[in-house]
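Inspection log for the structure reproduced underneath, given as structure tokens.
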Amino acid sequence: MNSALSTQDSGLNSLAEWLGYLEQLHPKTIDLSLDRVAEVKQRLNLSPSFPIITVAGTNGKGSVCTMLEAVLLAAGYRVGLYTSPHLLRYNERVRINGEEVSDDAMCAAFAAVEQARGDVSLTYFEFGTLAAVWLFACAGLDVAILEVGLGGRLDAVNAFDTDCAVLTSVDFDHMEYLGDSRLAIGYEKAGIFRAGKPAVCGEFDVPYSVLAHAEKIGANLRRIGPDFGYDGLEPNQWRFTSSDGLRLSLPYPALRGDYQLGNASTCLAALEQLRARLPVAHDDIRRGLLEAVVPGRFQVLPGRPQRIFDVAHNPHAARALAENLRAMPPTGKVIAVFAMLRDKDIAGVVRVMKEQVDLWWVAGIGQPRGASADELMRVLEQEDLAQRAESFPTVAEAYRHACAKAAEDDKILVFGSFYTVAEAMILTAVEG
């Protein structure tokens with residue numbers, strides 16, 4: 001493998017400079033195609049010898065990826081994890097052995113991709129995907145877990161052949177790119193399947209397009225329900241069962257919500273398909289599921305009033321959030337600090353959450369795609385919720401107001417996008 005350019009040779013001296021450069025490199029933020037990334041992959045001679053687990057889905061990807069990583073780390077393997085987007089630092093996207101890579105390592109990887117790409121234009125995500133796999137190839141991994149950014153079939157991650165494809169869920173999101181039906185969206189996500197390789201699906205209501213594509217290419221499909229699943233035994237224990245023979249009694253995962261049992265089952269089904277190459281013991285599974293934590297996914301901060309951060313940004317994720325709120329003791333009011341991107345189903349999310357939220361404190365997001373507070377207020381007016389709402393220019397102002405006004409028994413819920421949660425997290429770190 002060719003060594004990377006130094007940051008001095010590239011003219012870029014920090015990770016922040018590199019990220020600014022990548023944002024300007026390609027004319028489109030999203031440009032679904034495998035041609036460009038496949039060309040640069042070949043120039044980099046990126047042909048990993050370690051097994052790859054590719055994870056796609058509308059929701060649940062982050063949870064399943066983190067569970068896979070935690071169990072495999074508990075079993076003693078050298079594990080690489082690539083996820084997106086990040087909350088606070090770009091380095092969150094690339095982890096090796098459970099640790100975020102350093103700025104210097106990330107810059108070296110970007111320099112390697114820059115040197116190899118020549119005149120090939122890459123999107124921010126494509127560039128980052130190639131850099132992550134370059135780092136993994138340098139690290140001598142036993143296994144890498146790659147989270148799909150958008151869809152599957154034409155996502156940059158799909159330039160790398162998978163040894164086990166995981167599809168967590170199929171629902172409505174990114175419809176301008178993936179289609180306006182579950183059939184179309186399912187087909188795009190099933191594009192990560194490979195002939196003769198295992199494909200694990202954690203969606204109970206599987207669109208026919210997923211089944212048809214798996215059959216057409218000869219993927220070895222395993223589905224939650226017919227082929228694997230779970231049930232609760234008692235308040236602190238659940239059971240995983242598989243038609244391939246695995247039977248396990250386990251403590252509930254650290255990640256909150258009964259729906260996380262579906263994610264945990266999907267994780268275990270994938271590991272079962274790879275057991276010949278990556279065997280894991282019962283104790284590894286127990287430890288991994290108890291240690292797997294995803295920041296910003298129903299993250300409850302210590303102290304009172306309770307503060308809950310959740311990146312839920314589509315109706316499917318909002319339903320899971322609402323379920324978690326219903327399971328909590330019904331004390332005080334729920335005050336929502338709410339901000340979303342304009343191209344998301346804002347009305348759909350509000351309709352799901354309207355019975356769980358007492359007060360809506362809406363804010364704008366300072367991004368080109370961000371909805372303004374006025375736009376959110378118009379949606380709340382349409383849902384007859386304006387009398388329970390106030391607007392603020394920024395998430396930080398809404399969050400400060402919530403922290404100042406909430407009673408001890410209230411809950412402050414910050415949700416609607418990664419940007420929303422990230423802004424509140426930064427403020428919490430600075431101001432407490």
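Taken one residue at a time, the phi angles of region 82-95 give Karplus couplings (6.51, -1.76, 1.60, θ = phi - 60°) of 10, 9, 6, x, 9, 9, 10, 9, 4, 4, 4, 6, 10, 10 Hz. Gly and Pro are set to x.
Entry note: region 115-179 has Rg to Rh equal to 1.00, where both radii use alpha-carbon atoms and Rh is the Kirkwood radius.
The charge dipole of region 174-320, taken about its Cα centre with unit charges on the Cβ of Lys, Arg, Asp and Glu (plus for the first two, minus for the last two), comes to roughly 280 debye.
Between residue 39 and residue 16, the modelled label-to-label distance comes to 3.3 nm, taking each label 7 Å out from Cα in the direction of the beta carbon. For the chain, DSSP calls about 35 percent of its internal beta bridges antiparallel.
Here the Gaussian network model covers the chain, with springs between Cα atoms less than 10 Å apart; of 248, 141, 301, 301 fluctuates the most. Multiplying the residue separation of residue 247 and residue 47 by 0.36 nm and subtracting their alpha-carbon distance yields 68.5 nm. Each Lys and Arg adds +1 at its Cβ and each Asp and Glu adds -1 at its Cβ; summed about the Cα centre, region 143-223 shows a dipole of about 380 debye.
Which of the GluC sites (Glu not before Pro) across region 169-219 are loop residues per DSSP, with 14 or fewer other Cβ within 10 Å? Can you show the working numbers first?
Details: sites: 176, 188, 203, 215; in loops: 203.
Listed in order of number, the matching sites amount to none.
Using unit Cβ charges (K, R positive; D, E negative) and no other charged atoms, how large, in debye to the nearest 20, is the dipole of the chain about its Cα centre?
Here the chain has a charge dipole of around 700 debye.
Given contacts defined as C-alpha pairs under 8 Å and at least six residues apart, what's the relative contact order of the chain, whole-number percent? Walk me through the intermediate numbers first.
Details: 865 pairs, mean separation 63.0, N = 432.
In percent, rounded to a whole number, it is 15.
For region 228-336, the alpha-carbon coordinates run over 50, 28, 23 Å along the three principal axes, in decreasing order. Each residue, residue 407 and residue 333, gets one label point 7 Å from its Cα in the Cβ direction; the gap between the two is 0.9 nm.
If you add up the charges near residue 396, with Lys and Arg at +1 and Asp and Glu at -1, over every other residue whose beta carbon is less than 10 angstrom from its beta carbon, what do you get?
Once positives and negatives cancel, what remains is -2.
For region 130-283, with all protein chains present and a 1.4 Å probe, just round the carbon and sulfur fraction of the accessible area to a whole percent. Each step should come with its number before you reach the end.
Values: 2840 of 5950 Å².
In region 130-283, the share of accessible area belonging to carbon and sulfur is 48 percent.
Placing 354, 405, 197, 344 in order of accessible area, with the largest value first and a 1.4 Å probe, yields 405, 197, 354, 344.
Filter the cross-link list 61/405; 41/189; 189/344; 61/333; 333/354; 189/354 down to pairs whose alpha-carbon distance in this structure exceeds 24 Å.
Values: 61/405 35 Å; 41/189 22 Å; 189/344 19 Å; 61/333 31 Å; 333/354 13 Å; 189/354 30 Å.
From 61/405; 41/189; 189/344; 61/333; 333/354; 189/354, over 24 Å: 61/405; 61/333; 189/354.
Based on protein heavy atoms only, the chain ends up with 41 Å² per residue of surface accessible to a 1.4 Å probe.
Inter-label distance, residue 215 to residue 86: 4.4 nm, where each label sits 7 Å from its Cα along the C-beta direction.
Please list, in order, the residues from region 332-356 whose amide nitrogen is less than 15 Å from a point placed 7 Å along the Cα→Cβ vector of residue 326. Taking a point 7 Å out along Cα→Cβ of residue 326, the residues of region 332-356 whose backbone N falls under 15 Å are 351-356. For region 320-432, a Kirkwood hydrodynamic radius built from all Cα pairs, placed in the Stokes-Einstein relation at 25 °C and 0.890 mPa s, yields a translational diffusion coefficient of 175 µm²/s. Semi-axis lengths, largest first, of the ellipsoid equivalent to region 244-401 are 37, 17, 14 Å, with √(5λ) applied to each eigenvalue of the Cα gyration tensor.
The values are calculated or read from the model by the stated rules, or taken from the named source; none is laboratory data. Source: prediction; values computed, not measured. Backbone-built Cβ (ideal geometry, glycine too); neighbour counts: all protein chains shown. These accessible areas exclude ligands, DNA and RNA; they are computed on the full protein's heavy atoms, side chains included. Shrake-Rupley method; radii C 1.70, N 1.55, O 1.52, S 1.80 Å.
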